[in-house]
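Below: the structure, in C-alpha cells.
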Amino acid sequence: MIFRKNISLFAIIAVSLLISCSDQESEMEFEPEDRRISFNENWSFSLNKNENDSISNNSEWKNLNLPHEWSIEGEFSKDHPAGAGGGALPGGTGWYKKKFQKKLEDTSSITKIIFDGVYRDSEVWINGTYLGNRPNGYVSFQYDLTPYLNYGEEKNEILVKVNNADQPNSRWYSGSGIYRNVWLTTTNKLHIAHWGTFITTPQVTKDSAEAELQIEIENRFASPKEAEVTTTIYFDDKEITSRNDEIQISSEKKKEIKQSFQVENPQLWSVENPQLYKAVTQIKLEDEIIDEYTTIFGIRDFEFDLDQGFILNGKPIKIKGVCMHHDLGPLGAAVNTRAIERQLEILKEMGVNGIRTAHNMPAPELLDLCDKMGFIVMDEVFDIWSQHKTENDYAGDWKEWHEEDLKSMVLRDRNHPSVFMWSIGNEIQEQWNEKGAEIGRELSAIVKELDTTRPVTAGMNPPIHTNDENVTLQFEEAAEPNSLAGSGALDLIGYNYAHQTYTQHQTNFPNTPFIATETTSGLATRGYYEFPSDTTKIWPVRWDIPFDGGNPDNTISAFDQVRTPWGSLHETTWKIIKKHDYLSGFFIWTGFDYLGEPTPYGWPSRSSYFGIVDLAGFPKDVYYMYKSEWTDEDVLHIFPHWNWEEGQMVDVWAYYNNADEVELFLNNESLGTKSKEDDDLHVMWRLPYTAGTLKAVSRKDGKTVLEKEINTAGEPAKLNLEADRKTIKADGNDLVFISVYINDEGGNLAPRAGNLVNFEVSDKAEIVGVASGDPTNHESFKGKKHKALNGKCLVIVKAGKEAGTVSLSAKSEGLEEASITITLE
Ligand code: GAL
C-alpha cells in the first residue's frame with residue numbers, strides 16, 4: 001500500500017526495517033528514493049599486497065558491489081595468521097572507494113553515510129577529509145557528510161580502509177571487508193534523528209494495548225523551528241490511530257517528544273503469529289511534510305518468571321533456541337537476506353523459536369527476519385571485555401569504544417519485537433572477579449539508560465565458579481558478589497553449559513530467573529558413522545578424526561553424537577530443560593556449522609562440527625530428534641544408512657513422534673516393535689548388518705502414521721538436483737540453493753559418495769558458492785566444482801537483474817549428469 005505519494009523531496013521512507021526483506025517490499029511502498037538509499041553499487045576495491053602498503057601503492061582496483069568480503073575468496077592454509085580457529089583464510093588490509101554525485105537541490109539538506117558493519121578497524125574519508133575510525137567489526141555506525149560535500153556536476157569520493165591484518169583477532173571466522181549494507185540518508189535540516197525512535201508497549205491486554213513512541217528530532221537550522229509531528233499507526237495497511245503534536249525546537253538542538261497510542265484489540269506478536277505494526281511519523285514545517293520515518297514494532301507482553309520460566313502474552317513457553325555465528329557458510333560473512341532467511345527457515349522447520357546472535361551485534365536483516373518469522377532473539381554485544389582471548393582482539397579497543405558500541409546496539413535494535421534480552425558478554429575472562437562485577441554493572445546501567453523493557457544477561461561458564469573441575473558438585477552458596485553472576489548487574493542468570501547445575505538454580509539464585517545462554521556443543525559430521533573394531537562396544541562415532549580428550553567413559557555415546565568435555569549430548573540437556581518449568585529455555589551451540597573453530601581439532605579442519613545443520617544447510621540426524629519434540633508435524637527418522645560390511649553390528653535409531661510405537665523390518669522380517677519409555681527421546685535396535693531394505697513403521701492406536709525405508713545403495717550412478725525455490729527475483733541479490741544428491745541406479749542416496757561435481761550456469765545468473773558440509777575440504781567455496789560429502793553437496797546461484805530462465809547443470813565423471821531450470825522474474 002502507499003501512504004502518500006505527494007510528499008516533498010526530503011520526505012519519504014525511513015529506517016524501513018523491512019526494506020530488504022524481499023516479500024515485505026510490496027507492502028512497503030515508500031519510494032526509497034530519497035531519505036535512505038542503498039549505497040552498495042559501484043565501488044572499487046583493492047587489497048594490499050604487503051601489509052604496510054599505503055593506498056598509493058595500489059594499482060589494481062576491481063569494480064564490485066557491496067556487501068563484499070575478501071577473505072572467503074582466499075585459499076585455505078594453516079599458515080594464515082587467523083589459524084584454523086579463524087577459518088584458515090587470509091586477512092589483510094583492503095581499500096574501498098566510490099565516486100558519487102549529489103544534486104544541487106540537496107545543498108541545504110543533511111547527508112549521512114551509514115555502515116551496517118565493517119570487519120574491522122575501518123577508517124573513512126570523504127573528499128580527502130578524515131571522518132573517523134571504528135575498530136569494532138560488528139557495530140553499525142554513521143558519519144555526517146554534509147560539511148564536506150560537493151553538489152551539482154562535481155563528484156565526491158568516499159574512501160574506506162579496512163584493516164583486518166592484525167590477526168588472530170577472533171575465535172571464529174570473521175570475514176574481512178564492508179560485508180554489510182551501506183546506506184546514504186538525505187534529510188531536511190529538521191529531521192528525525194538517526195535511530196531516533198523508540199517504541200514500547202507498557203500495557204498489553206487482549207482487549208487493548210498502550211504504545212508509547214519516543215521521538216528524537218534534530219534541528220540543524222541556524223534558527224529555532226516550530227513544526228508539527230504526526231504519527232499514524234498502521235496494521236495490515238489499515239490506519240489504526242494517529243496523534244499530532246506541535247513542537248518548538250531551538251537551533252542546532254535535539255528534542256525528544258513522546259506520543260502515546262491506544263490500540264484496541266491488538267494483534268499480538270508471538271512466535272507462531274508474529275504480527276507487526278507500523279508507526280509512520282511525519283514532520284510538517286510550514287505546511288510541507290519534510291520528513292517521514294517508519295518504525296516497525298510488535299505488541300507483546302513478556303516476563304521471565306522465577307517459577308514458570310518465560311511467559312509470552314500470558315502463556316509460558318520454552319525458549320528452544322540455537323546460537324548462530326554471522327557467517328553464511330560458503331558465502332562467507334557478506335550479508336545476503338535470502339541466505340539468512342534460508343537458515344531461519346531450516347531452523348523454524350525443526351521447531352527452533354530462538355536465536356542468540358553469538359557473540360556480536362547481528363546484521364539488521366537478521367533481526368528484520370526474526371521479527372517477521374517469529375524468533376525470540378538474545379541480542380549479544382561482546383565476546384571480550386578488557387581482557388584478551390586472542391592476541392589482537394577487541395580488548396585493545398575496549399577502553400575507548402565499549403560504551404559507544406554497546407549504545408549503538410541498543411539504540412539500533414530496541415524497536416525489534418523479536419529482541420527479548422540483551423547479552424552484555426559471552427564467557428568474559430573477568431566473569432569471576434571483582435572487575436567482572438564492576439564492568440557488568442557499568443554495562444547493565446548503559447543498557448538500562450536506553451531500554452528498561454528487556455532483561456540483561458550474560459553467558460557465564462558457569463555462573464558460579466567452584467574452582468573445582470567437577471561442576472556436578474552441588475553449590476551450597478550463592479554466587480559471590482565479586483563475580484558477574486553475583487554482581488546484581490544481571491536480570492537473568494545466563495548459563496553456558498554446566499547442565500548438571502541447572503536444578504540447583506533456584507537455591508543458588510532465588511531471586512533471579514534462569515536462561516541457558518549456551519548448551520551442548522555436540523560434535524558431528526553429517527552422514528558420517530564409524531564403528532570401532534571392538535564390537536562389544538558398538539558406539540558409532542560420527543566423527544572423522546578420533547577425539548581422545550575429555551571424559552573417556554562418556555565421550556562417545558551411541559548415536560547422539562560425540563560430546564565435548566564441557567558440553568553434553570543433545571538429549572541430556574534437552575531432557576533437563578524440558579522437565580522443569582523454571583528453566584525458561586536454552587540456546588544450543590550451534591544451529592548451523594560455522595567457519596572456523598573446529599574445536600577440539602585443528603588443521604586440516606577449518607570449520608566447526610557443532611551444528612545441528614551442516615555448513616551447506618543439510619540437517620544432521622539429531623535435527624530430527626528436536627523436530628520430533630518441538631513440532632506437531634509427524635516425524636519418523638531412522639539412521640544410519642544401510643551400507644555396511646555383512647555381519648557388522650549396527651545400532652539403528654529412530655526418532656519419532658505422534659505415535660505409540662515403531663516397528664522395524666529388515667528385508668520384510670520384523671525386528672520387533674519399540675516404544676519410548678519415560679523420558680526417552682529415541683528407540684534403538686541392535687542388529688547384525690545384512691544388505692537389503694530397512695523399513696520402519698510408526699503407528700498410533702494401531703494405525704500407520706509414517707513409513708520410512710532405507711535401501712542398501714549400489715554404486716554411485718547419477719546426479720540428482722533439487723532447488724529450494726524454482727522462481728526467484730531478478731534483483732541481482734536473490735539466491736537459489738540447489739542440493740546435489742549422488743544416487744545409485746535405483747535412486748538411493750550413495751551414502752559414502754565423494755565424487756567431484758562440476759557446475760555450469762547459463763547467462764543471467766552466476767554461481768556464488770559451493771559446499772558439502774565437510775569441515776576438512778580445502779576447495780574454494782567460490783569455485784565451480786566441489787567434492788560431495790557422504791552423497792551430498794550444494795551449489796548456490798545468484799540472480800542477475802534480467803528476467804528469464806536460467807539453467808544449472810551438474811556433471812561428474814562416470815555419473816549421469818543433471819540439470820535444473822530456474823525462473824528469474
Ligand atoms: C563456548 C563458547 C563458544 C564456543 C563453544 C564451543 O564456550 O562460548 O563461543 O567456543 O564454547 O564449544
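Here the gap between Glu715 and Thr453, fully extended at 0.36 nm per residue and compared with their Cα-Cα distance, gives a gain of 88.4 nm.
Percent of C-alpha pairs per 10 Å bin in region 106-253, short distances first: 9, 27, 27, 23, 12, 2.
Given a Förster distance of 41 angstrom, what is the FRET efficiency for Thr241 paired with Tyr582, based on the Cβ-Cβ distance and rounded to 0.05?
Numbers: r = 38 Å, r/R0 = 0.94.
That gives a FRET efficiency of 0.60.
Would you kindly state how much longer the chain becomes between Asp207 and Ser762 on full extension, computed as 0.36 nm times their sequence separation minus their alpha carbon distance, in nm to one decimal? In short, 194.3 nm is gained. Which of the GluC sites (Glu not before Pro) found in region 48-78 are in a DSSP loop and have at most 15 neighbouring Cβ atoms, other than their own, within 10 Å? Counting only loop positions with at most 15 other Cβ atoms within 10 Å, the GluC sites (Glu not before Pro) in region 48-78 are Glu51, Glu60, Glu75.
Could you give the Stokes-Einstein D for region 705-806 in µm² per second, using the C-alpha Kirkwood radius, 25 °C, 0.890 mPa s? Intermediate results must be reported in sequence, preceding the final value.
Details: Rh = 14.7 Å.
Estimated diffusion coefficient is 167 µm²/s.
Mean 1/r over all different Cα pairs, inverted: what Kirkwood radius does region 627-722 give, in Å?
Numbers: mean 1/r = 0.0702 Å⁻¹.
After inverting the mean inverse Cα-Cα distance, the result is 14.3 Å.
Normalised by the empirical 2.2 N^0.38 Å for globular proteins, what value does the Cα Rg of the chain take? This ratio for the chain stands at 0.97.
What FRET efficiency comes out for Thr107 versus Ser38 if R0 is 25 angstrom and r is the Cβ-Cβ distance? Round to the nearest 0.05.
Values: r = 23 Å, r/R0 = 0.90.
It comes out at approximately 0.65.
Site pair Glu51 and Arg725 shows an inter-label distance of 4.4 nm when each label is modelled 7 Å from Cα along Cα→Cβ.
So what is the relative contact order of region 216-261, in percent, for Cα pairs below 8 Å that sit 6 or more residues apart? Show your work: numbers first, answer last.
On the way: 77 pairs, mean separation 22.6, N = 46.
Reported as a whole number, the value is 49 percent.
Applying the Karplus relation 6.51 cos²θ - 1.76 cosθ + 1.60 with θ = phi - 60° to region 40-51 yields 3J(HN,Hα) values of 8, 8, 6, 9, 10, 10, 9, 9, 4, 7, 10, 3 Hz, where x marks Gly and Pro. Of interest is the spacing of the C-alpha centroids, which for region 638-683 and region 174-227 amounts to 56 Å. Look at the alpha carbon pairs under 8 Å that are at least 6 residues apart: their mean separation over the length of region 272-366 gives a relative contact order of 20 percent. Here the relative contact order of the chain, from alpha carbon pairs under 8 Å that lie six or more residues apart, stands at 9 percent.
Stretching the chain fully between Gln248 and Asp305 yields a gain of 16.2 nm (0.36 nm per residue, less the alpha carbon separation). Which of Asn265, Pro716, Asn657 sits farthest toward the positive end of the charge dipole of the chain, with +1 on the Cβ of Lys and Arg and -1 on the Cβ of Asp and Glu? Positive-end residue among those listed: Pro716. Can you give the FRET efficiency to the nearest 0.05 for Glu288 and Asn433, using r as the Cβ-Cβ distance and R₀ = 45 Å? Here the calculated transfer efficiency is 0.15. The radius of gyration of the Cα set in region 81-186, together with its Dmax, comes out at 15.7, 52 angstrom. In this label model, Ala222 and Glu816 are separated by 8.0 nm, measuring between points 7 Å along each Cα→Cβ vector.
Rolling a 1.4 Å probe over the heavy atoms of the protein chains gives the chain an accessible area of 38 Å² per residue. Extending 7 Å from the Cα toward the beta-carbon at both Lys784 and Ile257 defines two label points whose distance is 5.9 nm.
Quick one: net charge around Asp660, please, counting Lys, Arg +1 and Asp, Glu -1 for every other residue with C-beta under 14 Å from its C-beta. Can you show the working numbers first?
Numbers: positive: Lys674, Lys676, Arg699, Lys700, Lys703; negative: Asp634, Glu661, Glu663, Glu677, Asp680, Asp701.
Net charge around Asp660: -1.
The values are calculated or read from the model by the stated rules, or taken from the named source; none is laboratory data. Note that the structure is a prediction, hence the values are computed from the model and not measured. With ideal geometry, Cβ positions are generated from the backbone for all residues, glycine too; neighbour counts draw on all protein chains shown. Only protein heavy atoms, including side chains, enter the accessible area calculation; ligands, DNA and RNA are left aside. Shrake-Rupley method; radii C 1.70, N 1.55, O 1.52, S 1.80 Å.
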